[in-house]
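Structure first, then comments.
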């Protein structure tokens, strides 16, 4: 155990979060997402599986360490619901809550399912919340910058 680090964050994920640079993208997905095939073309080449974890748990843990990119309009992109691109499902609301937990309001964009797969295949890594069975729990997070004062720039 480490102090002040959520135990959900395993060694592999901690390595990825540390290794990512400004503008790199991390994909967090539900258990229905084709993680293995999509992750095969990412920097890490294999998905990181978080057993016993759903999207809210994964998002809170990851965002406790990962700064979002304040230089882009939408530092988080959600997968659109097929046939209803503007629909916001419970997973999307859960992610927004986790994003805004630091007191800042972040904008979430959206992307059509196949375009999402393409973008995810070019990410740094894919993280699968293995206990998330709700559909459309799929997100791309863009890593931001931490300034000399330790705060997100």
Here are 124, 139, 116: which of them is surrounded by 14 or more Cβ atoms within 10 Å (Cβ to Cβ), under 20 Å from residue 24 (Cα atoms) and out of contact with any helix residue (DSSP H, G or I) (no Cβ under 8 Å at 6 or more places or on another chain)?
-> 116
Could you pull out the residue among 131, 122 that is within 22 Å of residue 23 (Cβ to Cβ), at pLDDT 95 or above and assigned to a loop (DSSP other than H, G, I, E, B)?
-> 122
Exactly one of 76, 72, 16 is surrounded by 13 or more Cβ atoms within 10 Å (Cβ to Cβ), over 15 Å from the mean Cα position of the chain (by Cα) and under 25 Å from residue 146 (Cα atoms), and that residue is 72
Is one or more of the residues making up the stretch 96-113 outside any loop (DSSP other than H, G, I, E, B), at pLDDT 95 or above, over 30 Å from residue 149 (Cβ atoms) and within 15 Å of the chain's Cα centre (by Cα)?
-> yes
Give the residues of the stretch 86-95 that are surrounded by 12 or more Cβ atoms within 10 Å (Cβ to Cβ) and assigned to a loop (DSSP other than H, G, I, E, B), sorted by residue number.
-> 87, 88, 89
Residue 50 is checked against (1) more than 18 Å from residue 13 (Cα to Cα); (2) in contact with a helix residue (DSSP H, G or I) (Cβ under 7 Å, 6 or more places away or on another chain) and fails just one. What number does that condition carry?
-> (1)
For the stretch 39-83, how many residues meet the condition of being at negative phi and either assigned to a helix (DSSP H, G or I) or out of contact with any strand residue (DSSP E or B) (no Cβ under 7 Å at 6 or more places or on another chain) (or both)?
-> 20
Inside the stretch 1-38, the number of residues satisfying the requirement of being part of a loop (DSSP other than H, G, I, E, B) and touching a strand residue (DSSP E or B) at 6+ places or on another chain (Cβ under 9 Å) is 11
Condition test on residue 88, is it in contact with a helix residue (DSSP H, G or I) (Cβ under 9 Å, 6 or more places away or on another chain) and touching a residue at least 40 places away in the same chain (Cβ under 8 Å)?
-> no
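The values are calculated or read from the model by the stated rules, or taken from the named source; none is laboratory data. Predicted, not measured: the structure shown is a model, and the values here were computed from it. All Cβ positions, even for glycine, are placed from backbone atoms using ideal geometry, and neighbour counts span all protein chains on display.
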